[in-house]
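Report on one structure; see the data block that follows.
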Amino acid sequence: MPVLADRYDAFLFDLDGVLYRGHEPIPGAGDAVDAIRRLGKGVAFVTNNSSRTPAMVAAHLRTAGISAEPDEVETSALTTTELLASRGLRQVYVIGEAGIREALTNRGIAALDGEPESADAVVVGWDREVDYGKLRRASLLIERGSPFVATNADASYPAPDGRWPGAGAIVAAIETTTGVVAEVVGKPHPPILRAALRRAGGARPLVVGDRLDTDIAGANRLGWDSLLVLTGITGPEDLAASTERPTFVARGLEALTDGSVPDPSPG
């Protein structure tokens, strides 16, 4: 019996809201990923969260029952670092956690802390220890001419007890201070999805996500097909009110391989 997965050779999975919620696996997600692998399809895991390293992401996926290896993970930290390296930057002031810092170090780019007087760029990601001093130093460096780069612009982080300020909230504080708009690397911008496809291999990707403003918008910008699953942030009422349209809508990942036909996006 033909299944939706037969149409594509690469599957780019968002994480939170698609494969797990916080520390809780989404029922059936692990089985769906395993079924995709058994079909010989390419798999990559894509996250805008720049705080974790690929090894940390893969370990978290495994605890949620998802088979994953670090080299299948594309984070906004990795994509941002590759962008900076391509421009020959050698030292950047960083607001961010282990993921972006390790990625920079591995590419020979120094992550500056403290009170530097200059930097090749200011890089901002999610940082749960951000304080006024970091915001002040980042703003001063940008005022002095350092380029402003954001790993992602997610306004919130979906925590178990509610929504926490995300990287976008930190970025917004600096943009408000300086009047400079950050160059954003993560979804919905194309570089991270293109990098994820290189990891998965193939040429006919399906982007699988739960957010219209990042996952589905990112696929639309590239002209790629997408599957919106209603297991995370987006509900039917959000979809009805949005101009971003996925190719397919389904209740969960089982729609990839169970022989049913997911609903085409309305409109």
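The values are calculated or read from the model by the stated rules, or taken from the named source; none is laboratory data. This structure is a prediction, so every number in the text was calculated from the model and none was measured. As a convention, Cβ positions derive from the backbone with ideal geometry for all residues, glycine included, and neighbour counts pool all protein chains shown. These accessible areas exclude ligands, DNA and RNA; they are computed on the full protein's heavy atoms, side chains included. Shrake-Rupley method; radii C 1.70, N 1.55, O 1.52, S 1.80 Å.
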Correct semi-axes for the chain, from √(5λ) of the alpha-carbon gyration tensor and rounded to whole Å with the largest first, are 33, 19, 16
Considering only the other residues whose Cβ falls under 12 Å of the Cβ of Ala98, what net charge follows from Lys and Arg at +1 and Asp and Glu at -1?
-1
Nearest 10 degrees, 0 to 90: what angle lies between the long axis of helix 132-143 and the longest principal axis of the chain (Cα atoms)?
80
Non-local residues with an amide H under 5 Å from the amide H of Val184, with H modelled 1.01 Å from N and Pro and chain starts lacking one, are Ala150
Sort the stretch 178-237 into rounded, prolate or oblate with this rule: let a ≥ b ≥ c be the square roots of the eigenvalues of the Cα gyration tensor; rounded if a/c is under 1.5, and if a/c is not under 1.5, prolate when a/b is larger than b/c, oblate otherwise.
oblate
Could you grab the relative contact order for the chain? Cα pairs under 8 Å, six or more apart, rounded to a whole percent.
23
Does the stretch 148-250 come out rounded, prolate or oblate, given a ≥ b ≥ c as the square roots of the eigenvalues of its C-alpha gyration tensor, rounded meaning a/c under 1.5 and, failing that, prolate meaning a/b above b/c?
oblate
Tell me the mean residue ellipticity at 222 nm calculated for the chain from its helices only (DSSP H runs of n ≥ 4, each -39500 (n - 2.57), averaged over every residue, nearest 500).
-9500 deg cm²/dmol
Using the Cα centre as the reference, give the magnitude of the dipole from point charges on the C-beta atoms of the chain (Lys, Arg: +1; Asp, Glu: -1; all else neutral), rounded to the nearest 20 debye.
560
Rounded FRET efficiency, nearest 0.05, which uses the C-beta distance separating Arg128 from Gln91 and R0 of 25 Å:
0.60
Per residue, how many Å² of accessible area does the chain show with a 1.4 Å probe?
43
At 25 °C and a viscosity of 0.890 mPa s, what translational diffusion coefficient does Stokes-Einstein give for the stretch 1-111, taking Rh as the Kirkwood radius over Cα pairs? Give it in µm²/s as a whole number.
162
Of the peptides 82-90, 169-177, how do they stack up when ordered by the mean number of other Cβ atoms within 10 Å, highest first?
169-177, 82-90
Mind checking which of Phe148, Leu227, Thr47 is farthest towards the positive end of the chain's charge dipole, using Cβ charges of +1 (Lys, Arg) and -1 (Asp, Glu) about the Cα centre?
Phe148
Env charge @ Leu206, Cβ radius under 13 Å, K,R +1 / D,E -1, value -2
Just to confirm a number: summing +1 for Lys and Arg and -1 for Asp and Glu over residues other than Glu183 whose beta-carbon lies under 12 angstrom from that of Glu183, what do you get?
0
Of the beta bridges DSSP finds with both residues in the stretch 9-125, what % are antiparallel, to the nearest 5?
10
Once you place label points 7 Å from the Cα toward the Cβ at Thr105 and Arg163, how far apart are they in nm?
3.4
Note down the nm distance, to one decimal, between modelled labels 7 Å out along Cα→Cβ at Ser67 and at Leu39.
1.5
Carbon + sulfur, % of accessible area of the stretch 56-186 - ligands and nucleic acids excluded, 1.4 Å
53
The stretch 1-93, relative contact order [Cα under 8 Å, separation at least 6], %:
27
